[in-house]
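Notes follow the structure.
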Amino acid sequence: FFTADKQYIVKTMSRSELRAMRRILPAYCRHMTANRASLICKFLGIYALDLFNHTEYFSVMNNVLLPPEGHIHLKYDLKGSRVNRTGKKGSSTLKDNDFHIPLELTTEARSRVLRQLQADTHFLSSKNIMDYSLLVGVQNYTYKTDDDKKLNNVSSHSSLEILAAARVRAPGMYYIGIIDVLQEWDWNKWLERAAKIMFQCRCTDYQEISCVPPKPYQERFMKKVSDRVIYNPAEMRGGVLERTQTSPRASRTAIRTIFD
């Protein structure tokens, strides 16, 4: 759940997640110190609550999806896999199979994000961590258009009336971060993978389940992010995006990461 001001998330932890956190904590601190722009979620504390002879563990993290104003319109949890990766009906969180519109970033921003994701996922892989997600929040902006501007390239023989939209609604800000970073590759995960291959996958789908060893998970994750999640501006020439006229303000897409 969230704190009252929405700045922090309080999440319960399983004992296996607690063990993973204790094991990677020194390396995690070194990595976060050396990578101030890291996209890995920032843990602020881990606590234990003793109640009625039962101990409950929980962590406190900063909230990645916290816009300075307005609210998030679309939220995606992306793992880079396809099997069982469709959001549930009525859920506010969409998944890989629901993701159809890549993030539109500048060449410099795309390179910077992919470089940091490569460093972060390499660290997680080296610590035997897998099954993490890229959390993506999209905040749409509404822009007024110049409705007095004449429309060009309109055939004089057309019998249709062509009208300019008064407003355009499009993504204006992206919020991204890596979450669920305490899942270790162990015998439980190996058995989970075996069960999913046996009962859920067709023979051609077994590489697309989320539960795979850390190194293949990282490689697949990075490939899907670079190929499908973030547009490569070099591949947009001559495409729909190049032919579409947008408001100058609409093209100023920004990224908000965990660390400002």
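The values are calculated or read from the model by the stated rules, or taken from the named source; none is laboratory data. Since the structure is predicted, the reported quantities are computational estimates derived from the model, not experimental observations. Neighbour counts run over all protein chains shown; Cβ positions are idealised from the backbone, glycine included. Areas reflect the complete protein model, heavy atoms only, side chains present, ligands, DNA and RNA absent. Shrake-Rupley method; radii C 1.70, N 1.55, O 1.52, S 1.80 Å.
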Among the residues of the stretch 84-136, write down those that are among the small types (Gly, Ala, Ser) and either within 26 Å of residue 212 (Cβ to Cβ) or without any contact (Cβ under 8 Å) to a residue 24 or more places away in the chain (or both). 87, 90, 91, 92, 111, 119, 125, 126, 133
What number of residues within the stretch 14-44 are assigned to a strand (DSSP E or B) and more than 21 Å from the chain's Cα centre (by Cα)? 0
Residue check: is residue 221 on the phi < 0 side of the Ramachandran plot and at pLDDT 90 or above? yes
So which residues in the stretch 95-112 are open to solvent by less than 50 Å² (accessible area, probe 1.4 Å) and under 15 Å from the mean Cα position of the chain (by Cα), if there are any at all? 96, 98, 99, 102, 103, 105, 110
When the residues of the stretch 12-39 are narrowed to those that are open to solvent by 60 Å² or more (accessible area, probe 1.4 Å) and of a type in the set (D, E, K, R), which ends up farthest from residue 128 (Cα to Cα)? 36
Could you list, in sequence order, the residues of the stretch 54-72 that are farther than 30 Å from residue 22 by Cβ and more than 14 Å from the chain's Cα centre (by Cα)? 67, 68, 69, 70, 71
Can you pull out every residue in the stretch 40-54 that is open to solvent by 60 Å² or more (accessible area, probe 1.4 Å) and of a type outside the set (A, V, I, L, M)? 42, 47, 50, 52, 53, 54
